[in-house]
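Undergrad: Structure in structure tokens, see below.
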Amino acid sequence: MSDLKIAVVGSGIIGLTTGIELLKSVNNAEITIIAEGFNTDTCSWAAAGIFRPGHGFIGPNREITQKWIDDSFYYWKNIRDSVDAAEAGVTEISGYTFSNREKSIVRNAFIEKLVPIYRKATEKELTTLCPDTYKYGSFYKTLVTDSTVHLPWATNKFKSLGGKVINRRVDNLVSLGDQYDIVVNCTGLGAKKLCNDPYLTPIRGQVIKVNAPWIKMFFYAESDTYIIPGFNHVTLGGTRQYDSYNTEVDKYDGMSIRERCERLVPSLKPATEVRQVVGLRPHRTIVRVEKEILLTAGGKKVKVVHNYGHGGYGVTTAPGTALYACDLVKEIWAGTSKL
Ligand SMILES: Cc1cc2nc3c(=O)[nH]c(=O)nc-3n(C[C@H](O)[C@H](O)[C@H](O)COP(=O)(O)OP(=O)(O)OC[C@H]3O[C@@H](n4cnc5c(N)ncnc54)[C@H](O)[C@@H]3O)c2cc1C
């Protein structure tokens, strides 16, 4: 018999990582993931999964934001260093970011001290790799989590640790209060409706998955152009369309992505397309990882921990925010919550 029943709503990278961490750190609890969509039906499936938090990733303050990033890096690195790495879809990767605009755009204060290599690209690298195109560049080594490999692995991991999974839509979080002691909300963009959250907005992303095993490095450039090798395919991107709810593949976006990526790396021209994928990044002005008490119509308190709004950085930062959300769950359960 469990002491504590927890519902985690959502089965993207955030829900799965949070569910796994809850099972590892909360004693004698029954944890159930409830989600409308799994794997291909999540935004997480579209992600290339490169560990590269950008300045659009904003937590409640700089210290907490950096802690989420640091904790995430070491979480992914521990998997990369373990026997699970291949099955979990985690490996290291090196590559370049190029730009013409400002030197600062090729810096990344969040990870420069964290990753094993982060340096300015040399003149020789710039003239050899992108002749007459970009003035500035950085070269770095980071991690990549291929979500098409990782999500199924994480679902199995969650189940093997004793977690339960239910496939259904949740129309309001309060309704779960009858069955569960604590509800953890990892619904990504779904939180827009569930929480009536005005600070959450989609950023539509379209990518092309291609067969190009000869591409071993990642490349980022202007106009949201990127090339990121994964375990099975190379991801070519992309688009960043604010406030678009369009989940259909757009032919013209696809043509533009292909044209921009081939200009950056001409050897991509013979790469065959596997599929195009669209995901709606759940962008929030401040990523929401916090406690809230909701009330049922009858006045019963429902304890909720939110964990959503990771925008374009959810794969990168899932573990850090999951650990933080777990601490909030433990605080509530220990009765020390200042709600
Ligand atoms: C093209 C693209 C490329 C990207 N590349 C990267 C990258 O390289 N690195 C990186 O870090 N990030 C990247 N991202 C961002 C990353 O994919 C997101 O930040 C991340 O997927 C968000 O995860 P999530 O679990 O919050 O949301 P989702 O993956 O969308 O999961 C939400 C879950 O909640 C469920 N749900 C929602 N509403 C309800 C409801 N009412 N009832 C029941 N279930 C519900 C859904 O079914 C789903 O299971 C990329 C995104 C896109 C689109």
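The values are calculated or read from the model by the stated rules, or taken from the named source; none is laboratory data. Computed from a prediction, not measured in an experiment: that's the story for all the values here. Don't worry about glycine lacking a Cβ; one is built from the backbone with ideal geometry, like all the others, and counts go over all protein chains shown.
Undergrad: Among the numbered criteria (1) closer than 26 Å to LEU173 by Cα; (2) surrounded by fewer than 21 Cβ atoms within 10 Å (Cβ to Cβ); (3) in contact with a Ser or Thr (Cβ under 9 Å, 6 or more places away or on another chain); (4) not basic (Lys, Arg), which single criterion is violated by ASP3?
TA: Of the numbered conditions (1) closer than 26 Å to LEU173 by Cα; (2) surrounded by fewer than 21 Cβ atoms within 10 Å (Cβ to Cβ); (3) in contact with a Ser or Thr (Cβ under 9 Å, 6 or more places away or on another chain); (4) not basic (Lys, Arg), the odd one out for ASP3 is (3).
Undergrad: Determine, yes or no, whether LYS338 is among the basic types (Lys, Arg), modelled with pLDDT under 95, over 21 Å from ASN196 (Cβ atoms) and away from the ligand (no atom under 16 Å from the Cβ).
TA: Details: among the basic types (Lys, Arg): yes; modelled with pLDDT under 95: yes; over 21 Å from ASN196 (Cβ atoms): yes; away from the ligand (no atom under 16 Å from the Cβ): yes.
Against the criterion (among the basic types (Lys, Arg), modelled with pLDDT under 95, over 21 Å from ASN196 (Cβ atoms) and away from the ligand (no atom under 16 Å from the Cβ)), LYS338 qualifies.
Undergrad: Hey, another quick one. Scan the stretch 282-309 residue by residue and report those that are among the β-branched types (Val, Ile, Thr) and touching a residue at least 60 places away in the same chain (Cβ under 8 Å). Steps first, please.
TA: Step one: list which residues in the stretch 282-309 are among the β-branched types (Val, Ile, Thr), which gives 285-287, 289, 293, 296, 302, 304-305.
Passing the criteria: THR285, ILE286, VAL287, VAL289, THR296, VAL302, VAL304, VAL305.
Undergrad: Also, quick follow-up: If ILE117 satisfies all but one of (1) within 14 Å of the ligand (Cβ to nearest atom); (2) hydrophobic (A, V, I, L, M, F, W, C); (3) surrounded by fewer than 16 Cβ atoms within 10 Å (Cβ to Cβ), what's the number of the condition it fails?
TA: (1)
Undergrad: I need every pair where a residue in the stretch 139-152 that is farther than 14 Å from GLY230 by Cβ has its Cβ under 9 Å from the Cβ of a residue that is part of a strand (DSSP E or B) and among the polar types (S, T, N, Q), sequence separation at least 6 or different chains.
TA: Close Cβ pairs (under 9 Å, with a partner that is part of a strand (DSSP E or B) and among the polar types (S, T, N, Q)) amount to PHE139/SER94; PHE139/THR97; TYR140/SER94; TYR140/THR97; LYS141/SER94.
Undergrad: Among residues belonging to the stretch 261-301 that are surrounded by 20 or more Cβ atoms within 10 Å (Cβ to Cβ) and among the small types (Gly, Ala, Ser), point out the one that is nearest to ASN61 (Cα to Cα).
TA: GLY279
Undergrad: When the residues of the stretch 173-195 are filtered to those that are part of a loop (DSSP other than H, G, I, E, B) and within 22 Å of the chain's Cα centre (by Cα), which remaining residue is nearest to ILE6 (Cα to Cα)? Show your work before the answer.
TA: Step one: list which residues in the stretch 173-195 are part of a loop (DSSP other than H, G, I, E, B), which gives 179-181, 186-187, 195.
Then keep just the ones that are within 22 Å of the chain's Cα centre (by Cα); that gives 186-187, 195.
Numbers: CYS186: 13, THR187: 15, CYS195: 19 Å.
It comes out as CYS186.
Undergrad: Can you pull out the residues in the stretch 175-203 that are in contact with a Gly (Cβ under 8 Å, 6 or more places away or on another chain) and near the ligand (Cβ under 10 Å from one of its atoms)?
TA: Hits for the stretch 175-203 are ASN185, CYS186, THR187, GLY188, GLY190, ALA191, ILE203.
Undergrad: Now for a separate question. Six or more apart or on different chains, Cβ atoms under 6 Å: show the pairs whose first residue is in the stretch 310-321 and closer than 12 Å to LEU280 by Cβ and whose second is at pLDDT below 95 and more than 6 Å from the ligand (Cβ to nearest atom).
TA: Once the first residue is closer than 12 Å to LEU280 by Cβ and sits in the stretch 310-321, its partners that are at pLDDT below 95 and more than 6 Å from the ligand (Cβ to nearest atom) give GLY311/GLY56.
Undergrad: Moving on to the next point. Of the residues that sit in the stretch 35-63 and are of a type in the set (Val, Ile, Thr) and within 6 Å of the ligand (Cβ to nearest atom), which one is surrounded by the most Cβ atoms within 10 Å (Cβ to Cβ)? Spell out how you get there, then give the answer.
TA: Taking the stretch 35-63 and keeping what is of a type in the set (Val, Ile, Thr), we get 40, 42, 50, 58.
Applying the additional criterion that residues be within 6 Å of the ligand (Cβ to nearest atom) yields 42, 50.
Values: THR42: 24, ILE50: 22.
Checked the stretch 35-63; the qualifying residue surrounded by the most Cβ atoms within 10 Å (Cβ to Cβ) is THR42.
Undergrad: Right, here's the next one. Just checking, how many residues over the stretch 131-172 are buried (at least 22 other Cβ atoms within 10 Å of the Cβ), assigned to a helix (DSSP H, G or I) and either away from the ligand (no atom under 16 Å from the Cβ) or not hydroxyl-bearing (Ser, Thr, Tyr) (or both)?
TA: 4
Undergrad: Quick check: is even one residue across the stretch 71-92 more than 9 Å from the ligand (Cβ to nearest atom), modelled with pLDDT under 95 and assigned to a loop (DSSP other than H, G, I, E, B)?
TA: Within the stretch 71-92 (the criterion being more than 9 Å from the ligand (Cβ to nearest atom), modelled with pLDDT under 95 and assigned to a loop (DSSP other than H, G, I, E, B)), the answer is no, since none of the residues qualifies.
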